[in-house]
Amino acid sequence: MARLLQLTDLHVMAPGSLCSGVLDTGAILRAGVDRILAQMPAIGPLDGVLVTGDISEDGSVESYDLARRELARFGLPVYAVPGNHDSRSAFRAAFGGQDWMPASGLVDWVVDLPDTRLIGLDTLVEGRGAGRVQPVSLEFLNHALQGADGRALVVALHHPPLRTGIRFMDNIALENIKDLAAAIPANCQPVTFVAGHVHGVYLGRIGAHRVVTAPSLCSAFALDRRADAPVGFLTGPTGYALLDTGPDDSWTAQPLFMGDGPFDF
Ligand SMILES: [Fe+2]
């Protein structure tokens, strides 16, 4: 079994700049890491931190430096895939020292953890909000799923293969969900796809396989399916997720800030 902390959509800016002129996402990340570290005795031991994209908002080297420093405070291996706000070259430079980072090309990778195969897929199309799984990544996924040798299977990607009904997000969703579905071998054991991008908790399916999205660490999008829904973000609820693999597998999204208590029943 492997247990991972999933963080997503950090949207860190170069120090001194606010995300969308509103959010100090560097400070939000620092406070979020503080908060989760304080929870660690309750959460229990972890095998790593998985970041499902949009680490940076502005693609700056400084934003990645800040994010990497904060993530290092967990003292755990960090695995990451890029999101639509990331710059692939700056992302690559920031995580270049990691075993899983390919030397060139797309940021597709596979890591074998205890009884678990964790696969990262790059859905970033630079200059666009929407995501695509490129043919080379589809082939990579197909091979990685076939060679898993009975391990639990987790695929991490930024753009989830689902629609939320929020129009401004569905307009920049994963474009080729059918291609992704077709890349999963027909006889594949259950795969859990974990994603971000939609700044909220959604459960979907791709074929027989489940898809979950974690809350963003810095902002949220209201579930408003009207055609004239306001386009923009909310400052919360924010959160993170915990993934357990194996026979008793589970995934839970947790808010960063809980209410008061506990009070006696
Ligand atoms: Fe995002």
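Selection among 184, 27, 87 by position relative to the dipole of the range 3-255 gives 184 as farthest towards the positive end (Cβ unit charges, Cα centre). Considering helices alone, the calculated mean residue ellipticity of the chain at 222 nm is -6500 deg cm²/dmol, with DSSP H runs of length four and up weighted by -39500 (n - 2.57) and normalised per residue.
Using 10 Å bins from zero, what percent of all Cα-Cα pairs in the range 47-115 falls into each bin? Each 10 Å bin holds this share of Cα pairs: 21, 57, 21, 1. You can think of it this way: the chain between residue 136 and residue 39 has 31.0 nm of extra reach, that is 0.36 nm per residue less the Cα-Cα gap.
Size estimate for the range 142-182 follows the Kirkwood approach: the inverse of mean 1/r over distinct Cα pairs works out to 12.2 Å. Farthest towards the positive end of the charge dipole of the chain, among the residues 129, 36, 259, is the Cα of 129, using unit charges on the Cβ of Lys, Arg, Asp and Glu.
Roughly speaking, what % of Cα-Cα pairs in the chain are separated by over 22 Å, rounded to a whole number? When every Cα pair of the chain is considered, 52 percent fall beyond 22 Å.
Computed about the Cα centre, the dipole magnitude for the range 3-255 is approximately 380 debye when only Lys and Arg (+1) and Asp and Glu (-1) carry charge, each at its Cβ.
Around the amide H of residue 216, modelled in the peptide plane, lie the amide H atoms of 199, 200, 239, all under 5 Å away and 5 or more residues distant in sequence or on another chain. From the phi of every residue in the range 114-131, what ³J(HN,Hα) in whole Hz does the Karplus formula 6.51 cos²θ - 1.76 cosθ + 1.60 yield, where θ is phi - 60° and glycine or proline is x? Running phi through 6.51 cos²θ - 1.76 cosθ + 1.60 with θ = phi - 60° gives x, 6, 9, 10, 9, 10, x, 10, 8, 10, 6, 10, 4, x, 10, x, 5, x Hz. Computed packing ranks the peptides 107-117, 47-57, 248-258 as 47-57, 107-117, 248-258, most packed first, by mean other Cβ atoms within 10 Å.
If you wrap the Cα atoms of the range 41-162 in a convex hull and average its projected area over all directions, you get 8.4 nm². Put simply, the amide H of residue 155, placed in the peptide plane, has neighbours under 5 Å in 119, 192, 193, 194, leaving out anything fewer than 5 places away on its chain.
Mind running the shape call on the range 136-265? Use the C-alpha gyration tensor, a ≥ b ≥ c as the square roots of the eigenvalues: rounded below 1.5 for a/c, prolate if a/b tops b/c, oblate otherwise. Judged from the Cα gyration tensor, the range 136-265 comes out oblate (a/c at least 1.5, b/c at or above a/b). Amide H to amide H distances under 5 Å link residue 254 with 240, 241, 242, where only residues 5 or more positions off or on other chains count and H is placed in the peptide plane.
The mean sequence separation of alpha-carbon pairs under 8 Å and at least six residues apart, normalised by the residue count of the chain, gives a relative contact order of 20 percent.
With +1 on each Lys and Arg Cβ and -1 on each Asp and Glu Cβ, how big is the dipole of the range 134-265 about its Cα centre, in debye rounded to the nearest 20?
On the way: 8 positive and 12 negative charges, 82 e Å.
With only Lys, Arg, Asp and Glu charged at Cβ, the dipole is about 400 debye.
Projecting the Cα atoms of 106, 146, 164 onto the charge dipole of the range 24-177 (Cβ charges, centred on the Cα centre) puts 164 farthest toward the positive pole.
Each reported figure results from applying straightforward, stated rules to the coordinates on display, with no laboratory input. Small disclaimer: the values here were computed from a predicted structure and weren't measured. FYI the Cβ positions are ideal-geometry reconstructions off the backbone, even for glycines, and counts take in every protein chain you see.
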